[in-house]
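Take a look at the structure below.
Values in this text are rule-based calculations from the coordinates and carry no lab data. Given the structure is predicted, the values throughout are model-derived calculations rather than measurements. Neighbour counts are summed over all protein chains in view; Cβ atoms, including those assigned to glycine, are modelled from backbone coordinates with ideal geometry.
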Amino acid sequence: MQRRRFVQSAAALFPAAVIDHALAAAATAGPEAHPLPPGPVLSGQDRLHEHHSLGFSTIAFKVLPRETAGNLFLIEHTHLRKGGGPPLHLHYAQEEYFYVMEGDFLFQVGDQRIALHPGDSILGPRKIPHTFTVTSETPGHMLIAFTPAGQMEGFFRAAEKPGVSLSDPALFASHGCKLLGPPLSAS
């Protein structure tokens, strides 16, 4: 009888021990390991209520890689100024999808240059050079998705640090990308 009570008591404690271990591991892990509560990310807001900028735009992280097991990273670019955009680059392992919400853009994907307007979208496939610039006088606004997410959240966090330049090939190389040339001209 005592053995049965011991086994029952041990079995009852097992889930509590597993939960305590998981909570302790989460407490010592970095912020990327903490699960995020479900819920909306409102217009103009960042998923973590942070502020990000590359100098030519404001960025809000909308869907983080940790929410999708690394399958998706979604950002919103707002206040993209005329002539603003990244240098020509490629991603070794991500597709990059662009959806224009406001403003006019010139995109380069491979050797092709294409004008896009609100409601238009384009895919920058992995290993294909791509870039964009805003051509309208009004600010540009678009959603950009990376799949799989890869190191793109880390890229944007590194790129916004003081003293870091988007013209640094090492920045791109350290995040699974390759810098290929300057940004597009808006003219």
Q: Evaluate the distance, in nm, between pseudo-label points positioned 7 Å from the Cα of LYS161 and of LEU48 along their respective Cα→Cβ axes.
A: 1.4 nm
Q | Table column - 3J(HN,Hα) (Hz), the range 52-67, Karplus curve with 6.51, -1.76, 1.60, x for Gly and Pro | A | 10, 8, 10, x, 9, 6, 9, 10, 10, 7, 9, 10, 8, x, 5, 7
**Q.** Within the range 92-173: Cβ-based charge dipole about Cα centre, in debye rounded to nearest 20 (Lys, Arg +1; Asp, Glu -1)
**A.** 280 debye
Q | Square roots of 5 times each gyration tensor eigenvalue, C-alpha, the range 61-187, largest first, Å | A | 21, 17, 14
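Could you list the GluC sites (Glu not before Pro) in the range 41-93 that lie in coil according to DSSP, counting only those with at most 12 other Cβ atoms within 10 Å of their Cβ?
Of the GluC sites (Glu not before Pro), the ones in loops of the range 41-93 whose Cβ has at most 12 other Cβ atoms within 10 Å are GLU50.
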